[in-house]
Amino acid sequence: MPDRLQLCRSLLFVPGSAQKRIDKAANLPADAIIFDLEDAVAPGEKNTARQRVITALESGAFSSKQVIVRVNGLSTPWFEEDIKAMVAVGQTAIMLPKCESVEDIQTTKSFFNKAEIPLFVIIETAKGVLAASSISNALTTLDSMCFGHVDFAADMALNESDASAGVIYHSRCQIALAARAFGVLPIDNVCLDVSNEQAIREEAILGMKLGYAGKLCIHPAQINIVNEVYTPTLEQVEKATAILAAWDEAQQQGQGVFVYQNKMIDLPVIRAQESILKRFQAANK
Ligand code: COA
Ligand code: MG
């Protein structure tokens, strides 16, 4: 898997122990499937879940999908077996939970045997948030940085986990900034509200405004909403195309700045339009 995952608007968690949900995931429209071996799997189910994920990967049912496996954390008795098994079976990126330091990344990557495997780290502790920029600097542009707001809320001894307020919101901003500063893809937190369409839409819109490239999902009903929020609209695409055409004309006349529909256009505005077209094309491949 040499390239960074191509499109990462919606990334659906699927517990590795839940065979029915694994089967269902093969036909869901998420941009990526995250088989979970960590928090969604009870201690007594760890070995079964690992084996079920291996079988799913080897079956070929996910060969046209982008797959990520969330292994158990570095301090657990399952980490080494999880990561060795997933690197051996291949066809999957790796997600490391509770990443807190550059050493955590180095240890994890030492199991990759020099293979170019995209690494998704989850920042979900106070220590992790404080180290976010050094962690991001130690990642490559193949990698992604996710925010895990529920574990973070617990680590901060908070009574609730509202991702739009207080220190959770602050950290959500920090992680997007730290990732973008080093060309790493930022992925927004899950929305626990599985049956409230308005809640997931509002959360996704806020995450996009913070600079995130996509969002972790936990339920099939969240996927299309997140995909829609993270896909530029036709109106945005038409406007971007028109601005780029006007820019070409201005360039030919030797102008670096001009006014389009009462707004100033210069190079950073052009870069934003190019990004809109690129994201639209990636979503419609
Ligand atoms: N992946 C694949 N399929 C899923 C799914 C998921 N994450 N969540 C639900 N489904 C399926 C169900 O199996 C059910 O399928 P069916 O209609 O064919 O029977 C359908 O979608 C509707 O599910 P629903 O009954 O609304 O949900 P549920 O009560 O079965 O499950 C959760 C709710 C939260 C337990 C479940 O969505 C889940 O496991 N989510 C992921 C949890 C996780 O991995 N957490 C760790 C990261 S925070
Ligand atoms: Mg967790």
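The values are calculated or read from the model by the stated rules, or taken from the named source; none is laboratory data. Just so it is clear, the model here is predicted, and its values are computed rather than measured. A quick note on method: Cβ atoms are made from the backbone with ideal geometry, for glycine too, and the neighbour counts reach across all protein chains shown. Heads up: the accessible areas ignore ligands, DNA and RNA and are worked out on the full protein's heavy atoms, side chains in. Shrake-Rupley method; radii C 1.70, N 1.55, O 1.52, S 1.80 Å.
The 3J(HN,Hα) values that the Karplus relation (6.51, -1.76, 1.60; θ = phi - 60°) gives for the range 123-140 are, in residue order, 9, 8, 9, 4, 4, x, 5, 5, 9, 4, 6, 6, 5, 4, 4, 8, 8, 10 Hz. Gly and Pro appear as x. Using a Förster radius of 51 Å, what is the FRET efficiency between residue 258 and residue 137 based on their Cβ-Cβ separation? Nearest 0.05, please. Using R0 = 51 Å, I get an efficiency of 0.85.
Just want the answer: with Cβ charges of +1 for Lys and Arg and -1 for Asp and Glu, which residue in 42, 135, 106 is farthest toward the dipole's positive end in the range 10-229? With unit charges placed on the Cβ atoms, the residue in question is 106.
On the basis of the beta-carbon distance and an R0 of 25 Å, residue 284 and residue 192 show a calculated FRET efficiency of 0.25. Counting only the Cα atoms, the range 234-283 fills a convex hull of 64 Å³ per residue. Taking only the alpha carbons of the range 74-172, we obtain Rg and Dmax values of 14.2, 42 Å in that order.
How many angstrom lie between the Cα centre of the range 114-179 and the Cα centre of the range 26-82? A separation of 21 Å, based on Cα centres.
All distinct Cα pairs of the chain go into the 1/r average, and the inverse of that average, the Kirkwood radius, is 19.9 Å. In the context of the full protein assembly, residue 208 retains an accessible surface of approximately 70 Å², using a probe radius of 1.4 Å and ignoring ligands and nucleic acids.
For the set 239/278; 127/209; 109/209, the pairs lying more than 23 angstrom apart at their alpha carbons are 127/209; 109/209. Our summary gives the chain a relative contact order of 16 percent, counting only alpha carbon pairs under 8 angstrom and 6 or more residues apart.
Considering helices alone, the calculated mean residue ellipticity of the chain at 222 nm is -14500 deg cm²/dmol, with DSSP H runs of length four and up weighted by -39500 (n - 2.57) and normalised per residue.
Would you please give the FRET efficiency between residue 219 and residue 271, computed as 1/(1 + (r/R0)^6) with r the Cβ-Cβ distance and R0 = 30 Å, to the nearest 0.05? Computed FRET efficiency for residue 219 and residue 271 comes out at 0.30.
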